1. Taking θ as phi - 60°, what are the ³J(HN,Hα) couplings along region 129-137 by the Karplus curve (6.51, -1.76, 1.60), each to the nearest whole Hz, with x for Gly and Pro?
2. Based on DSSP, what percent of beta bridges with both residues in the chain are antiparallel, to the nearest 5?
3. Straight distance only, please: which lysines reach the Cα of residue 117 with their own Cα at less than 29 Å, same-chain residues fewer than 8 apart left out?
4. Per DSSP H run of n ≥ 4, the term is -39500 (n - 2.57); total these for the chain, divide by its residue number, and report the mean residue ellipticity at 222 nm rounded to 500 deg cm²/dmol.
5. Mind listing the phi-derived Karplus ³J(HN,Hα) values for region 114-123, rounded to whole Hz, using 6.51, -1.76 and 1.60 with θ = phi - 60°, and x for any glycine or proline?
6. The list (i) 16.5; (ii) 18.3; (iii) 26.1 gives values of Kirkwood radius over Cα pairs in Å, and only one came from this structure; which label was calculated from it?
7. Starting with the highest mean, order 131-141, 117-127 by the number of other Cβ atoms within 10 Å, averaged over the residues of each peptide.
8. Show me 103-113, 34-44 ranked by packing, highest mean number of other Cβ atoms within 10 Å first.
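Here, each number is a calculation from the coordinates, and none is a lab measurement. Everything numeric in this text was worked out from a predicted model, so none of it was measured. Neighbour counts are summed over all protein chains in view; Cβ atoms, including those assigned to glycine, are modelled from backbone coordinates with ideal geometry.
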Amino acid sequence: MFRPAKAKEVNGYTVRKAEAEDVRQISEICVEDWQKAYRGIVDSEWLDSMSVDKQYEKEIKRYQDFVVAADGNKILGYAWLQASGDEPADCEIVALYVRYSYRNNGIGKLLLHYAIKYFRESGKKRMIIWCLKENYESRRFYEKNGGKAFRISSHNWGNKECEIISYLYDLEKGYVP
């Protein structure tokens, strides 16, 4: 199980372990981001079928592995961290999402740096994160922040197969936030 460091405040935002009370807002962020960022990439019917209530039922079962960036009680973004990942990684950011209206305010970078620091302090060596290959905004973000393109695979969302790409971070000698 994920055991994050205590809450950390940066630029007025607090990064802390997610709590059950955060799950509704986490679900809202997930659905909004998918429906806006992945429109035209992922199957539209599948995107339209997403709902906050359905997402809540998923997230309430796994929020213990999440950290959130918050401004008071408002959740601005979250990251899902796991201590195991695809080879050759030994840890993974399974998801990293920022409330759409708060993008480009340093919140994603704050969550990414938190994850890198947390995994590094936990003795992890290599971290991986996956994103849609056609999600150029995320790809630029991961590359700008030290990720190295690693592997391409595919996944089905609805009736559409999409290519996904992973980024590998060498936590021992690579990028240091």
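1. So the Karplus estimates, Gly and Pro as x, are 9, 10, 8, 5, 4, 7, 8, 5, 4 Hz.
2. Rounded to the nearest five, the antiparallel share is 90 percent.
3. 6, 8, 17, 58, 61, 74, 109, 125, 133, 144, 148, 173
4. Value at 222 nm, helices only: -9000 deg cm²/dmol.
5. 4, 4, 4, 5, 4, 5, 4, 5, 8, x
6. Of the labelled values, this structure produces (i).
7. For the peptides 131-141, 117-127, the packing ranking is 117-127, 131-141.
8. 103-113, 34-44
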